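For reference, the structure discussed in these notes is given below.
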Amino acid sequence: MTSLYDELGGAVAIDAAVDIFYRKVMADELLAPFFDDVDMERQAAKQKAFLTMVTGGPAHYTGRDMRRAHAHLVAEGIDDTHFDAVVGHLAGTLKELGVSDDKIARVGALAESVRNDVLGRTPAV
Amino acid sequence: MTGRIRRGSLDVVLEPGETALEGLLRGGAEVPSSCRAGACQACMLRAVSGDPGSVAQQGLSPALREQGWFLPCMSRPTGELVIEEGPPPAIGAAIVDVAEIGRAIVRVRLEPDEELSYRPGQYVQLIQGEHVRAYSLASSPADGRTLELHVRVHSLGRMSRWLAAAAPGARVGLRGPAGSCFYTEGRPDQPLLLVGTGAGLAPLRAIVRDARRRGHTGPIALVHGACDPTGFYLVDELKSMADETGNFRYVRCAMSGEPSDGVEIGDLTAVTLRLFPCLKGWRIFLCGSPDRVNALKKQCFLRGAGLKDISADAFLTARMPPPPLRRGPAPPGG
């Protein structure tokens, strides 16, 4: 099966999606405090890596990378509500770009697969 | 032809299929990397000659691309690629004259020993004795070889007080240019918004003049912020630029004082957003104190400007610019 990443148009499409997604995240009062002091370019690059990963593109991140990258946020108290909010903005972004609901659901499933790593939890066995 | 990478003393011939990053690492270079798929930009380097390939510059802003920045994890050069290593060597320059052009702001004109190739809005490092400070260029190579800087004279500033008192002919060292806050061609009808505080006006003035010289046709708005109305300078010059076409808007914004024609009173970010509520499709240039620049950058983005369409120079310290995204933004000093 071709990845959604390729169907969307690869890196060029992801670049367009990053601004929309990042703007939604920053405008969200629940999430904004975690982005107050970050370097915006650096953060956008991370968002791009995230979008590349959840659309099945060539991003070689492991569960351990996700765990390490979010450890400081877990310490600051991020939980399922934050994760759900981010996934919601992800779906909203793709919807805005005209992606069909079944494809958005595929992306949601990929995002779901890193939930426990992002939140620093031991995965359920 | 086989790809070949040179960086300082390193010289690596690439193996078939090998990326520039893989070649550099095999050759013993220390290059941080993460995704190795062109996404995270952790490995970004600058090519000084050769072609890294368009795929290796996908997703970078036009200003970064123009300066040769690329992602070595995505680069498979077919010829020789020379990668920047360390800061460029300094050249000498002589002070032409120093004039007070605003409250605690002097214009310093410099004659470099050799012609400097730069884009209006970029900055240079001045070296005087053991002191190094970064200053944005208010001039353009189109004006001739002489460089113009606007220097805020700080009461304890070693470099700024030295410059303010320097006699014509005094010598300084010069390194640069650096910085990606400059006009890029390709979208002549795009609206431009330039916002700066204090001597942050220097690069913005240079960018406005450069945009016009390059035939920019879209509207241009310049907002200059100061603590109070005595902090504005170059007012007559900028006003006269506004007269020429009607396509240039010049706004002064003071935090306190009496409002008057062309002078708004209030918080710079709030006033800017009130005057320019929707910035979708705009190109934004921000120069000045870090708190102002960072607040404006975030708000301009939230108001619709694309992140790659926002160029910001926060006037911080006097170090050479680190590669973007690796150790933080490039910080010129006012």
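A quick yes/no check of all residues on (1) outside any helix (DSSP H, G or I); (2) within 14 Å of chain B (Cβ to nearest Cβ); (3) in contact (Cβ under 8 Å) with a residue 40 or more places away in the chain:
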| position | (1), (2), (3) |
| --- | --- |
| A:G56 | yes, yes, yes |
| A:R68 | no, yes, no |
| A:H72 | no, no, no |
| A:G77 | yes, no, no |
| A:F83 | no, no, no |
| A:V86 | no, no, yes |
| A:A91 | no, no, no |
| A:A105 | no, no, no |
| A:R121 | yes, no, no |
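Quick check on segment A:59-66. Is at least one of its residues more than 14 Å from chain B (Cβ to nearest Cβ), under 28 Å from B:A56 (Cα atoms), more than 13 Å from the chain's Cα centre (by Cα) and at pLDDT below 90?
yes
Here's a check for you: in segment B:18-36, which residue that is in a loop (DSSP other than H, G, I, E, B) and buried (at least 20 other Cβ atoms within 10 Å of the Cβ) is farthest from the other protein chains (Cβ to nearest Cβ)?
Going through the qualifying residues, I end up with B:T19.
How many of the residues in segment A:67-101 are surrounded by 15 or more Cβ atoms within 10 Å (Cβ to Cβ) and under 14 Å from the mean Cα position of the chain (by Cα)?
Here the count works out to 13.
Do you know which of the residues in segment B:22-73 that are touching a helix residue (DSSP H, G or I) at 6+ places or on another chain (Cβ under 7 Å) and basic (K, R) is modelled with the highest pLDDT?
Only one residue fits best here, namely B:R65.
Does at least one position in segment B:275-289 carry a residue that is assigned to a strand (DSSP E or B), of a type in the set (V, I, T) and touching a residue at least 12 places away in the same chain (Cβ under 8 Å)?
There is at least one residue in segment B:275-289 that is assigned to a strand (DSSP E or B), of a type in the set (V, I, T) and touching a residue at least 12 places away in the same chain (Cβ under 8 Å).
Output yes when any residue across segment B:56-74 is in contact (Cβ under 8 Å) with a residue 40 or more places away in the chain, within 14 Å of chain A (Cβ to nearest Cβ), farther than 27 Å from B:G121 by Cβ and among the aliphatic types (A, V, I, L, M), and no when none is.
Within segment B:56-74, one or more residues are in contact (Cβ under 8 Å) with a residue 40 or more places away in the chain, within 14 Å of chain A (Cβ to nearest Cβ), farther than 27 Å from B:G121 by Cβ and among the aliphatic types (A, V, I, L, M).
Could you give me the residue pairs with C-beta distances under 6 Å whose first residue belongs to segment B:191-207 and is outside any helix (DSSP H, G or I), whose second residue is modelled with pLDDT of 95 or more and aromatic (F, W, Y) wherever it lies, and which are 6+ apart or on separate chains?
That search, which allows pairs on different chains as well, returns B:P191/B:W282; B:L193/B:F276; B:L193/B:W282; B:L194/B:F285.
Restricting attention to segment A:2-53, and to residues there that are away from every other protein chain (no Cβ under 12 Å) and over 24 Å from B:M74 (Cα atoms), which single residue is surrounded by the fewest Cβ atoms within 10 Å (Cβ to Cβ)?
Result: A:E29.
Taking the conditions exactly as written (part of a loop (DSSP other than H, G, I, E, B) and either crowded, with 16+ Cβ neighbours inside 10 Å or on the phi < 0 side of the Ramachandran plot (or both)), does B:S256 satisfy them or not?
The answer is yes for B:S256.
Search segment B:28-49 for residues that are in the same structural domain as B:L64 (by TED's automatic domain parsing) and within 16 Å of A:F50 (Cα to Cα) and pair each with any residue that is among the basic types (K, R) and buried (at least 17 other Cβ atoms within 10 Å of the Cβ) when their beta-carbon atoms are under 7 Å apart and the residues are at least 6 apart or on different chains.
B:A39/A:K48; B:C40/A:K46
Working carefully through the options A:E41, A:E29, A:E7, find the one that is over 21 Å from A:I104 (Cα atoms) and part of a helix (DSSP H, G or I).
Just a single option satisfies the conditions, and that option is A:E41.
The values are calculated or read from the model by the stated rules, or taken from the named source; none is laboratory data. On a predicted model such as this, the values are computed, not experimentally measured, just so you know. All Cβ positions, even for glycine, are placed from backbone atoms using ideal geometry, and neighbour counts span all protein chains on display.
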